[in-house]
Structure formats: structure tokens, C-alpha cells
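Note sheet for the following structure.
The values are calculated or read from the model by the stated rules, or taken from the named source; none is laboratory data. Keep in mind the model is a prediction, meaning the values are calculated, not measured. Note that we place each Cβ from the backbone using ideal geometry, even for glycine, and neighbour counts take in every protein chain shown. For accessibility, only protein heavy atoms count, side chains too; no ligands or nucleic acids. Shrake-Rupley method; radii C 1.70, N 1.55, O 1.52, S 1.80 Å.
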Amino acid sequence: MYGVVHCNGSYRLVGYTPEVAPGSTEPSVPLDVAITGQFGGQPNDSLATFGNGLVVQLANGVQYFSYEGSTSGPVVISNFGTIPDRTIAADTGGRTFYAVAATSGQQSLCGINPPPGIMGQIQAMAPDGPAWAHLLPECARVISLRPSINGGVIAELYQEHTNGGVGPAVRKLVSIGGSGEQLWELILETSASVDRYYINRSFSVTIRGDVLLQQSYFNANDSSINARRVGMTLVNGATGWVIASKELTGENQGYIVHGNVTAAMTNDRVYVALARCIWDSCGSERKLYALDFRGVDLDFPRGAVLKYNEPWLSYVALGDSYSSGEGVEPFIAPSDTNGCHRSRDAYAKLLDGSPASRLNVTSFVACSGATTQDVINGKNGEPSQLNALATNQARRVTISAGGNDIDFVGVATACVTGNCGDGESAEAIRKIREELPSKLDTLYAEIRARVTATNARILVVGYPLLIPEVVDQNLPNCFYLQDDKDAARSVILELDAAIQAAVSRAGSPFEYVDPNAPGSPFIGHELCKSGSYFHGLVWPFNQGYTFHPNAAGQQAYRQLIETRLAS
């Protein structure tokens, strides 16, 4: 445990361990070093952890320390901004993020009609010097910062006015990438909205890169103490789309999160400190509540630091277009010209180097259009995908296969553009029941023969039920889902059932990963829904993108697999 303490007029960085030396009643103090810079923050929120040590916020900059106490010396930052929550953030590589405010004179001009150019910045500083600067919107200030796993940062901003002073004030989350570019933003609250009053909010980034947002609020029409609520929202860290939301109800009505205390996270569980409060006046009724929330994990970078002793595992990614990332350009050479279409944003590449999964992709050989036999023999001039297993001590393997053996995309396209009830779907189901089981058995036996690493895990991922059960006829461009959607859904369900049965027959180390199980990130993001994770009909149909996961769908696969690996 590390902290900043004030002693005899100076500030020191102190580390404690639970071990007690023989003959003593005090814990060991392996680190006790003076902070040589001008300390000016609050001891409880002026310290951040990175991969090789700690970084302390100063009144005018930051100072890096190793865990042994050596320091780089103060890094002075001119016009250092003030953030009420966590004033600095640092990632595992030692990159530190902080706000640089517009001058006080400029900020005083952020009135009803602010002039242009009143802008602060978020800056990134590495131990060896500046990395990048991101210009904030006009009259925006940073409320809090958290590092993200891509080398960037997630920021909560309050923008006093928008559209040159005409638009309402806005609070939002903004994702900034590893080079200082904005990736997405999510509006949290505007001054024009009066249906809900927010008391406080905070957020954390998981080691999977997603964002857990915690908010306390009450309905504008009911300000009684029992109307207070706490809501939790999990946001996709790559897209800014909401994955899932939960509200604490029942016996937790009337409680809020006191102050801006951030929820603690472990695998699929959130711990929240609750208090019965009227505004800032909180009584003695307090409790710690555990909330099951599928998809959350340890927070970043603390979780990555805690896992640093866990080994990185070699990983091989096999399969068809759902694993190659078909439809998510750009594609990696030579797959961009030979038709295998391996995307740099496929789930295999997203898993590569992730601090949550701790996987190193030694071979990514999935190929668009591959059948079970193509995985064994090779396709588009490429050799057998299984060669990657023979040349690598793969500890983790993922694969999707079987869809092309029944022309899954072709059948689905026929079902939603014509009449497949008595034709294509019936033939596909016949193939699933009569031909596919033996093909899958052969494929899994070939894989087993080539996986030589002990304690290997082979994750067989199924196909998402991308066609919704009920179609909103008012949605544009969704007319094609009206007629034979049930036939298409039955094909997908039969296909996944056959794959799951084959995995069961194969036994360990094979595991089936169900994309349609309760809590799956795919649920609620089917075709023709706001924030769909799939491409719809793409012309020309032979392009191959139709009914394939888009970038958000590949992120959903990544989340699904990381959740399974953590179990």
C-alpha cells in the first residue's frame, strides 16, 4: 500500500506492507522518500500507479518514483489545470495524463456569448518527455481522467456552452486514443434535460478497456429520499456504445453513492458503498452492496499491475470470416489480396496484448469463407490453418467454423430477401443434422492431435443470433426482415446446437462459447436495432460483408472470449 503523508512540514511518499518484523508491532515500511517537488494536491487523490512505479501530482506538474524510491525529478507543467476528482491518471507504460486549463482570464469569458478560442487541453507526458496534447472544446473543463488500455485516456468533460454559446451545457465522456485523437464521445447530461437530477457520478476503466459508469440521481418529479437511485452502466471502450445498464432498486432505494467514491470491481461483480443522504447530508445508514454485473473486471491500470506475475500465453486464432473480421477494413497483408480478409480489428487482434486476457497472438490464420475442411487443408493458396498449432506451443486457441459448410450467409440472405421457408433453410437444416456433425468431429480431432501444450484451452465460438425475434416495422431499411426471419433464426439455432453438441463430444480441452447466452454483449444489438453489431444487406451481395459482425461486433466477441477466459 502506498500513500502521500505530511510530516514535519514536508510531504513524503510512503509504502507499507502487512509483514511485521520480529519483535515489532508495526508494519514494514519498504519505501519512505521525500517528494522534492512543490506538492499542492490532496494526498488521497494525487497518486497514480503505472507499470514500473508511482507518479505523484505536484502543484505545478508531476514526479515519477520507482517502487524502490528512485525518482526522475519533478516534471514542471506550465498552466497545470485543476480537476476536482482524480487530478492525474497514469497507465502501465508510465504515460501520465493531466489537464491544462485555459487561463483564468479566458475562463471568465465563458458566459452567455463566449468568444472563440477559450480552450484547455489534455496532455500526455511520458517519463522521457511530452507525448501528445488534445485540444478541448471551447469552454470545456475536465472533471476526471482515467487511463485506457490503448495508450490513451477517458475523460469526463463539462462544457459550459455549446455551439458558440447557443446550445445547452453538456457533460460527456470522451475517449482519446494513444496519439491524442478523439475516438468517441457519450453525452451523459445536458442542461436542457429536466427529467432527472444527478447527485454525483464517477467512472472506471476495466482491464478489458470498457468503461463502468456509476451515477446517483433522482427523478425530477419525485425528490423524496426514497426516490434516490444508483445506476451502473457498462460502456464499450472501443465504440462508446452502451453494453448494459443496471439500477439498484428494492431495498437500495433511497441510497446514493456518497461523494464520488468509485465502485470496486472484480470479475463480473461490482462493490458499491451506499449511504442514505439528502443532498450532502448523510446519516449513519451506510452499507457495502455487491452487484453481479457480467462483463466487468479489475480496473485499469491497477488490475494490470496486480496481474503482472501472471504469465503471458501464446494464442492461435483459427476459423472462418466471423473470426477473420470480414467486413471490418482495413485487412492485413497478404489477406487483403488473397480473400482471407484478416482485419486488424478482428477479435484476435483485440485480444493480442490485452492486460485482461494476457495473450500474445503467435498466429492469426483465420480465413474468410473457410469451411471445416478448408481449416484443415488451407484456402486461397494458404496452407492448413492447423500448421500454426504444430509450430507453436499454443496455450489458447479460438475457432469459429461450420457456417460455410451450410452456406450460412447465403441462406440468411435468401431468407430475408425472398422465400426460403421451403427451400434454402430446409436444405441447410438437413446439412446441419446429417453432414455437419461428422465434419466437426473430424476438425476437432485434427486440432486435438496438434495441440501439444499442457493446460491448453480451445474455445469454439458460436454464431450470434443476428436476426431479431421482433422487427420494428418503423425502422428504415428493415423491410427485408419481415417475411422469413423465423426460418433464418431457426437455421442459426440449429447450427449453434450442432456445434455445441460436437464440442461436448470432443470434451476437454474444448469449450463452447455461446454468443446467445444470457448476459452476452450481442443481445439487444441485432440487425435493424440502434447500435447494431452487424452489417445488414451490403451491395454487391458477393462482397461478403453482409450479415457479418461490424467493428462493434468484433469487440463483443472480444468481450465474450475474455469473460470466458476469466472463468
Interchain or long-range residues, amide H under 5 Å from Ile243's placed H | Leu234, Val235, Asn236
Find the relative contact order for the stretch 489-567 and round it to a whole percent, using C-alpha pairs within less than 8 Å whose residues are 6+ positions apart.
-> 21
Any idea how far apart Ala264 and Ala501 come out in nm if each label point goes 7 Å out from Cα toward Cβ?
-> 4.7
Return, ordered by residue number, the residues of the stretch 502-521 whose backbone nitrogen is under 19 Å from a label point located 7 Å along Cα→Cβ of Ala453.
-> 508-513
Leaving out ligands, DNA and RNA but keeping every protein chain, what accessible area does Tyr197 have, in Å² rounded to the nearest 10, with a 1.4 Å probe?
-> 110
With eigenvalues of the C-alpha gyration tensor scaled by 5 and rooted, the stretch 284-397, Å | 35, 16, 12
Could you work out Rg/(2.2 N^0.38 Å) for the stretch 351-405, with Rg from alpha carbons only?
-> 1.21
Once amide H atoms are built 1.01 Å from N in the peptide plane, which residues 5 or more positions from His535, or in another chain, come under 5 Å H to H?
-> Phe547, His548, Asn550
At most 16 other Cβ within 10 Å, DSSP loop - trypsin sites (Lys or Arg not before Pro), the stretch 335-384 = Arg344
What ³J(HN,Hα) values, in whole Hz, does the Karplus curve 6.51 cos²θ - 1.76 cosθ + 1.60 give for the stretch 169-174 when θ = phi - 60°, with x put for Gly and Pro?
-> 5, 9, 10, 7, 9, 10
With all protein chains present, calculate the accessible area of Thr442 using a 1.4 Å probe and round the result to the nearest 10 Å².
-> 70
In nm, spacing of pseudo-spin labels at Ala227 and Arg196 (7 Å Cα→C-beta vector) = 1.5
May I ask you to rank Tyr64, Tyr2 by accessible area, largest first, using a 1.4 Å probe over the protein chains only?
-> Tyr2, Tyr64
Stretch Asn377-Ala273 to full length: gain in nm at 0.36 nm per residue minus the Cα-Cα span?
-> 31.9 nm
Multiply the residue gap between Thr36 and Cys7 by 0.36 nm, knock off their C-alpha separation, and tell me the result in nm, one decimal place.
-> 9.1 nm
Sort Glu435, Glu285 from largest to smallest accessible area, using a 1.4 Å probe on the heavy atoms of the protein chains.
-> Glu285, Glu435
Among residues other than Asp441 whose Cβ falls under 12 Å from its Cβ, what is the net charge (Lys/Arg +1, Asp/Glu -1)?
-> +1
Computed FRET value (nearest 0.05) for Ala333 with Asp441, which takes r as the C-beta separation and R₀ as 41 Å = 0.75
